[in-house]
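K.L.:
Here it is, the structure in full.
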Amino acid sequence: PDARKKQLDELLEAIEADPTPAHVATLVAFVADYPDYTEAAFELAKWKVYSNPEEVLELLEPIKIGDKWFDQAEDLRILARFMSADFSTGEKVAEAMGKAQEAVKQGALETAIQKVIEALQHDKKYMDDLPRKLGIALFRIWGPQDPLTKNYRWRFDMAIY
């Protein structure tokens, strides 16, 4: 057994109960103390993906194929790239993705997935398939039982094809 795991679990419980900057700062300090502890870096990335996507990419850098956290880290990487992207090109697909990005920042996740689906309808290959990859990542992050997944996954699938 790893004593760090118990300490990390306690930190995460405290953050879940009261997600204040002070509790997140404790997790930041924990990751700084144990930079090789992949699970801690992954958990911190989950908390920072919306506020500091560039840092998230750095936190997830050590997580490679074969790592227990790889698939979930890939979803966070896609979300971080989306959150830090510039969608000001004036194209319809960029406009939809920009509105999706703004919706995510505001916590309007239903609007966000609607705009991602709209972006797919404009250009499936935009920014190296970002709308498709983002939709899949969001559905996996939300999980199959989430009402948004249940309501929008089939619409998303229809937009892809």
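K.L.:
For region 53-94, which positions are among the aromatic types (Phe, Trp, Tyr) and within 20 Å of Val116 (Cα to Cα)?
P.N.:
First, the residues of region 53-94 that are among the aromatic types (Phe, Trp, Tyr): 69-70, 82, 87.
Selection gives Phe82, Phe87.
K.L.:
Can you pull out the residues in region 9-28 that are open to solvent by less than 50 Å² (accessible area, probe 1.4 Å) and either acidic (Asp, Glu) or assigned to a helix (DSSP H, G or I) (or both)? Full working, then the answer.
P.N.:
Our first condition is that a residue be open to solvent by less than 50 Å² (accessible area, probe 1.4 Å); within region 9-28, this holds for 11-12, 14-15, 20, 24, 27.
Leu11, Leu12, Ala14, Ile15, Val24, Leu27 - these are the residues of region 9-28 that are open to solvent by less than 50 Å² (accessible area, probe 1.4 Å) and either acidic (Asp, Glu) or assigned to a helix (DSSP H, G or I) (or both).
K.L.:
If you check Asp86, Asp67, Asp75, which single one turns out to be without any contact (Cβ under 8 Å) to a residue 24 or more places away in the chain and among the charged types (D, E, K, R)? Walk me through how you get there before you give the answer.
P.N.:
Numbers: Asp67 fails: without any contact (Cβ under 8 Å) to a residue 24 or more places away in the chain; Asp75 fails: without any contact (Cβ under 8 Å) to a residue 24 or more places away in the chain.
Asp86 is the lone residue from the list that is without any contact (Cβ under 8 Å) to a residue 24 or more places away in the chain and among the charged types (D, E, K, R).
The values are calculated or read from the model by the stated rules, or taken from the named source; none is laboratory data. Since we're looking at a predicted model, the values are computed, not measured. Cβ atoms come from the backbone with ideal geometry, glycine included; neighbour counts cover every protein chain shown. Side chains are part of the model used for accessible areas, which takes the heavy atoms of the whole protein and leaves out ligands, DNA and RNA. Shrake-Rupley method; radii C 1.70, N 1.55, O 1.52, S 1.80 Å.
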